[in-house]
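Worksheet: the structure to be examined is printed underneath.
Values quoted throughout were computed directly from the atomic coordinates according to the rules given, and no laboratory measurement underlies them. Bear in mind the structure is a predicted one, so any value in this text is a computation, not a measurement. Cβ: placed from backbone, ideal geometry, glycine included. Neighbour counts: every protein chain shown.
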Amino acid sequence: MTTSSSNSRRFVLISAALIALFVAAFATSCDKDSGNPYGNNGSGDPGANEVWIRGSTFDPGDRTVSAGTTITWTNKDGVEHTVTGSGWGSQLLGQNATYTHTFDSTGSFPYHCTRHSGMTATITVQ
């Protein structure tokens with residue numbers, strides 16, 4: 001084999017290896033549990049003490065919890081939203097940003113997004 005063809009073959013092999021490494025790293029970074037930069041809009045469900053913002057709705061829309069429960073909201077949308085209740089709430093949440101609030105007393109706690117008037121939901125604390 002000539003030096004020129006040997007160098008060309010090495011270049012092709014190294015390029016293929018680098019592409020394979022890049023694809024593997026990208027696939028790992030996009031796993032839904034490892035911080036997918038695009039959110040998990042199309043599949044899965046929020047956990048017991050979670051509310052996801054996706055499709056410009058709160059999912060689930062209403063949640064019932066026990067006193068002392070901390071709820072975490074995660075914005076899975078590509079647009080900013082807020083979680084705003086009476087006397088509590090978040091700043092604008094970008095994609096994959098979270099907000100948490102602990103509900104210490106019983107009652108019904110409606111909330112909404114200040115940017116999207118149709119986005120409403122309620123946390124009921126027993």
Item to complete: Rounded to whole Hz and in sequence order, give me ³J(HN,Hα) for region 68-84 from the Karplus expression 6.51 cos²θ - 1.76 cosθ + 1.60, θ = phi - 60°, writing x for Gly and Pro.
Response: x, 7, 9, 9, 10, 9, 10, 7, 9, 8, x, 10, 6, 9, 10, 10, 10
Fill in: Extension gain, GLU80 back to ALA48 (0.36 nm per residue minus Cα-Cα distance, nm)
9.2 nm
Discussion item. Please compute the modelled spin-label separation between ARG115 and ASP62, points set 7 Å along Cα→Cβ, answer in nm with one decimal.
Written reply: 2.7
Practice prompt. Extending each Cα 7 Å along its Cβ direction at LEU92 and GLN126, get the distance between those two points in nm, one decimal.
Written response: 3.9
Worksheet item: Listing HIS101, HIS81 from the residue with the fewest other Cβ atoms within 10 Å to the one with the most, what is the order?
Response: HIS101, HIS81
Item to complete: Go through region 46-55 residue by residue and turn each phi into a ³J(HN,Hα) via Karplus (6.51, -1.76, 1.60, θ = phi - 60°); whole Hz please, and just put x for glycine and proline.
Response: x, x, 4, 10, 10, 10, 9, 9, 8, x
